[in-house]
Amino acid sequence: MNKVIILPPEIINQIAAGEVVERPASILKELLENSVDANADDVKIFVENGGIKSIKVVDNGSGMSAEDAEIAFLPHSTSKISSAEDLENILTLGFRGEALASISSVSKINLKTKIKNRLSGFEIKIEGGKIVKKQEAGSAEGTQIIVSEIFFNTPARRKFLKSENTELRHIINTFTNIALANPEARFELWHNGRNLFTLPKTRDLRERIRNLTGGNFTDNSFKINYDGIIKINGYAGLPKIATKRKITQIIIVNKRAISNQTISAAVKEAFYSTIPHNLYPQFVIFLEIDSKKIDVNVHPRKLEVRFSNQQEVFNAVKIAVKSGLENALRKEAGERFPDFSPKFRLNNFRSQKIFPAKNNDYKIDNAVSKTAVKDSMSFSKEVLDKPVKPAQESLPWEESEGTDKTFETDEEHFQAFQLLNSYIITTNGRAIQIIDQHAAAERVAYEKLKREVEEKKVEIQSLLIPFEIELNPQERLILDENIEVLKNFGFEIEEFGGNSYVVRQIPVDLKKADLNLLAKELLVELANSAGNEHNICQEIKEKIITTLACHGSVRVGDKLSQLEIMNLVKNLKKCDQPYSCPHGRPIIFEIPLSELERRFGR
Ligand code: ADP
Ligand code: MG
């Protein structure tokens, strides 16, 4: 066996480099962070062959003295920490003085730098960690660094590099993150002589985001804001632009882009019930947090951080995103449902709509005759042939048989009817709206129950004949653990010996539900929710409410009375989020009148 030796420093650095330098993009990240740390506000990047051939970064930052420039390439050299105390308070995140040493050990570097107002600058060349040339040199103020022939001396690592395009994609991601974190600096990115991005300085984050990600995200996103122990701002995409893949999910903590499960989970949960489970929200989120409360040195490339209080961060992010989302959805709903406000005036719709009347007759007023009738789907020729009559004082369904007269407040009249025992057709005057009755009922029930649970005022109903359920041993365990929890939702359940339980009391909205099926589903939810570290109660709560709302709601295929139809639409109007059911499926499909006009060649 060989004698034990201590590895020479070049080898040690090469090993360390394995952690810092994974690919060209990781080099770019370190170089750009150094430029930003040196207070540069104009940074130009020139990349050749996806960075495999070379990466050049030119900044107008502070520059370095000759001595500093030389030391900078030694391992553990940094100008950014000088004492153990500083370590606690590294505002600019994670200086370990490792990057330049690591990069230089696996590539060829040429650095030119000059401090402002000095007469001359300095140039140094390093290959595989060894200085091959250094000299005084003319140079612009700031620093220019060229890193080329990455992994020239570690062929094994070189083999792991992917195609030029893949590496370029990573480069662009890195560039995007850093440019987003620093909107007040100007950036240019060039690839093989072609300009990919030129980003002017801006104070407007939205403008920077638009320049980097394009209009779709900025045009369909809402602002996030939170001001507490943690400051949060940024933008998140509306549910309608949620995607199957995580396209734009950018987290910037104290100006550094990181990935972080806690934050991603909090955003996802804020979107709970507004997007389907298999889709991801898009967001660019910025956190400012006391640097004492995070550890940035948990990842060699500083791609992750650890928060001293995860729950605090989770809650803050969730609240910030959720309130932004709710505002945005309310605003959108207000725009789409202008007549959903209680102030809705009868005359308003009389002047423009069709009224389904008894005998399948349709009464039409002047204004509507031109568009709505012919636009609508299946009105008979007979109807079209009828002379236009002025609208009558009372509404058709008030007169028709079997209509419940309790639904009668003048201001809230609107038209709605059911088709195929599944869909409700109504209008807001600008579009024909087709509502999925089950999804709508679910949404209404979900929001009602949620409110009731939060206020601890769940409307309950005692069962005259208690309902008996049989459970298997696993289900029993889950139920035993959750009998108290279920009380908050209006359930009174008791053990009945063996595997049997009796349900004595349920939330009133569930009186039509299949309790057996519901119980099984609830237990699955309760079992799945166990062991989730994030806000366990809230999550279970949401899931239970979603399940209950689903079971208590009218189904597709249920015939509804006119009163039920009207109440459903009326209650949907009052929902915070009338556009998607708690599972994230859409509720309303709209055909704008303009679309009908187009199709009918008007
Ligand atoms: P760290 O950034 O953790 O301090 P690096 O190895 O990335 O370690 O850089 C070492 C030092 O080199 C920095 O602390 C800084 O003083 C100096 N430096 C690196 N790049 C630049 C630059 N573009 N402009 C000015 N100084 C720089
Ligand atoms: Mg650095």
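Work out from phi, with θ = phi - 60° and the Karplus expression 6.51 cos²θ - 1.76 cosθ + 1.60, the ³J(HN,Hα) of each residue of segment 488-503, listed in order in whole Hz, and give x for Gly and Pro.
Along segment 488-503, the couplings run 4, 9, x, 9, 10, 10, 10, 5, 10, x, x, 9, 9, 10, 10, 9 Hz.
With respect to the cross-link table entries K240/K457; K511/K570; K44/K302; K223/K512; K246/K457; K541/K573, which display a Cα-Cα separation exceeding 31 Å?
K240/K457; K223/K512; K246/K457
Just the number, please: percent antiparallel of the DSSP beta bridges in segment 227-325, rounded to the nearest 5.
About 70 percent, rounded to the nearest 5.
What ranking, highest mean first, results for peptides 284-294, 160-170 when packing means the other Cβ atoms within 10 Å averaged over each residue?
Ranked by mean Cβ neighbours within 10 Å, highest first: 284-294, 160-170.
Going by how many other Cβ atoms sit within 10 Å of their own, how do L463, L449, L515 line up, fewest first?
With the fewest neighbours first, L463, L449, L515 line up as L463, L515, L449.
Compute the signed sum of charges (Lys and Arg +1, Asp and Glu -1) over the other residues within less than 14 Å, Cβ to Cβ, of N225.
Counting the neighbours of N225, the net charge comes to +2.
Order by neighbour count: V554, V4, V47, fewest other Cβ atoms within 10 Å first, most last.
Lowest count first: V4, V554, V47.
From the backbone phi of segment 189-194, what are the Karplus-calculated ³J(HN,Hα) couplings (6.51 cos²θ - 1.76 cosθ + 1.60, θ = phi - 60°) in whole Hz, Gly and Pro given as x?
Those phi angles translate into 10, 10, 10, 6, x, 9 Hz.
Structure shown: which of K268/K543; K29/K56; K114/K255; K331/K543 lie over 23 Å apart, alpha-carbon to alpha-carbon?
K114/K255; K331/K543
In the structure shown, do any of K322/K520; K3/K125; K293/K322; K244/K574 have a Cα-Cα gap over 32 Å, and if so which?
Violating the 32 Å limit, Cα to Cα: K3/K125.
Could you work out the local net charge near K159, counting Lys and Arg as +1, Asp and Glu as -1, over the other residues with Cβ closer than 14 Å to its Cβ?
With Lys, Arg at +1 and Asp, Glu at -1, the net is +2.
In which sequence would C575, C581 go, from the one with the fewest C-beta neighbours within 10 Å to the one with the most?
C575, C581
Any read-out appearing in this document is the output of simple, stated calculations on the displayed coordinates, not a laboratory observation. The structure displayed is predicted, hence computed values, not measured ones. Cβ coordinates were reconstructed from backbone atoms using ideal geometry, including for glycine residues, and neighbour counts include every protein chain displayed.
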